[in-house]
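Visitor: Got a structure for you, questions after.
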Amino acid sequence: MDKYAHIGNYRQDADFCIPVFEGVDWVPLNTLGKTRYTNAQMKEIAVLPLPERKSRIATLYEAVQLFILSGFRGAFDNEDVFIGDTLWQKHKSPEQAAASSEGCCATDTNWLAFYLRGRYPEMGSFCYANRDGNGHITTYIRTGGFYYFIDMMMCRLDSQAFFSPESGNLRDLARSEWAGYLYRAENAVDFCRFAMDRFAAMGRDRPFCFYLRRRPDVTATGLRLSEDAAVFHVPTCDHPSILLLAKESEGGGKGAGSIEFVGLPEKLR
């Protein structure tokens, strides 16, 4: 069955655990459970009513298999709401994300939350913020004493061209878009440092802050941006916690950056 369940760059039969940074291992997507379906079977699942579709998905590999085969597309889909001098982006709910099958990084994350919440002991979001006001939201899964990190934006079919098939070969990793793979770490801060190292190696601006949201889905993100500062607002209902604040000399981009945990505005509930 294995060859009929390979999807994109992910391999049902991949078996490796490669240290890539202090405290961080590169592992295959199937580490958190293989799929029970061939791609042909998953295509049939992809057209089932949403509740039934959800009931068929039990592992990260199965979710990514469905994600690719259902044709999830990238789109700017946040609802922009100005409240005072802060621009809030309201994210689609998990149910809306799964029903629409298109969206931004927050929607990717909430799509996965729809299918996998309750399947693993802990699931949430691994996020970072940049001084220019940009940020990113990805998924972490915590089980068996490890954090596992996956960027669903890189799991889309149109992202597969940017990295190599899972091989466990560090040369493949070095010439690929590193965020397309699954990583694990006992300490989430080690993964932050690995990400900083990768951003630096690729000549990209490095975030000033890495943080977790310890609930399966994300609700909204606020930004107050001026010429010399970016202030991110993260709702306390998402149970956020800071992982790493970079020193000014470590980050990239101009200006200062800060992050505040605030109540979710009534207008966004």
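The values are calculated or read from the model by the stated rules, or taken from the named source; none is laboratory data. All values derive from a computational prediction rather than experimental measurement. Cβ sites come from the backbone with ideal geometry, for glycine too, and all protein chains shown count toward neighbours.
Visitor: Could you tell me which of the residues Val64, Val81 is farther than 23 Å from Phe232 by Cα and β-branched (Val, Ile, Thr)?
Guide: Unique residue meeting the criteria: Val64.
Visitor: Another one. Looking at Leu87 and the list (1) within 30 Å of Leu223 (Cα to Cα); (2) in contact with a helix residue (DSSP H, G or I) (Cβ under 8 Å, 6 or more places away or on another chain); (3) modelled with pLDDT of 95 or more, which single condition is not satisfied?
Guide: (2)
Visitor: Hey, any hits in the range 209-223 for a residue that's farther than 28 Å from Ile68 by Cα and not aliphatic (A, V, I, L, M)?
Guide: Yes, because at least one residue in the range 209-223 is farther than 28 Å from Ile68 by Cα and not aliphatic (A, V, I, L, M).
Visitor: Quick one: Ser176 ticks every box in (1) touching a Phe, Trp or Tyr at 6+ places or on another chain (Cβ under 8 Å); (2) without any contact (Cβ under 8 Å) to a residue 60 or more places away in the chain; (3) surrounded by 19 or more Cβ atoms within 10 Å (Cβ to Cβ) bar one, so which box is it?
Guide: Among (1) touching a Phe, Trp or Tyr at 6+ places or on another chain (Cβ under 8 Å); (2) without any contact (Cβ under 8 Å) to a residue 60 or more places away in the chain; (3) surrounded by 19 or more Cβ atoms within 10 Å (Cβ to Cβ), Ser176 violates only (3).
Visitor: Any chance you could count how many residues in the range 141-174 are more than 19 Å from Val189 (Cβ to Cβ) and over 10 Å from the mean Cα position of the chain (by Cα)?
Guide: Looking only at that region, the number is 19.
Yes/no matrix, rows are residues, columns are (1) surrounded by 13 or more Cβ atoms within 10 Å (Cβ to Cβ); (2) not in a loop (DSSP other than H, G, I, E, B):
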position: Met196; (1), (2): yes, yes
position: Tyr211; (1), (2): yes, yes
position: Gly222; (1), (2): yes, yes
position: His233; (1), (2): yes, yes
position: Lys247; (1), (2): no, no
position: Leu264; (1), (2): yes, no
position: Lys267; (1), (2): no, yes
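Visitor: Separate question: May I ask you to verify whether Ser164 is on the phi > 0 side of the Ramachandran plot and either of a type in the set (Asp, Glu) or in contact with a helix residue (DSSP H, G or I) (Cβ under 9 Å, 6 or more places away or on another chain) (or both)?
Guide: Answer is no for this residue.
Visitor: Please go through the range 142-164 and pick out each residue that is surrounded by fewer than 17 Cβ atoms within 10 Å (Cβ to Cβ) and assigned to a loop (DSSP other than H, G, I, E, B).
Guide: Selection gives Gly144, Gly145.
Visitor: Go through the range 80-107 residue by residue and tally those that are in contact (Cβ under 8 Å) with a residue 12 or more places away in the chain, touching a strand residue (DSSP E or B) at 6+ places or on another chain (Cβ under 8 Å) and not in a loop (DSSP other than H, G, I, E, B).
Guide: Matching residues across the range 80-107 total 12.
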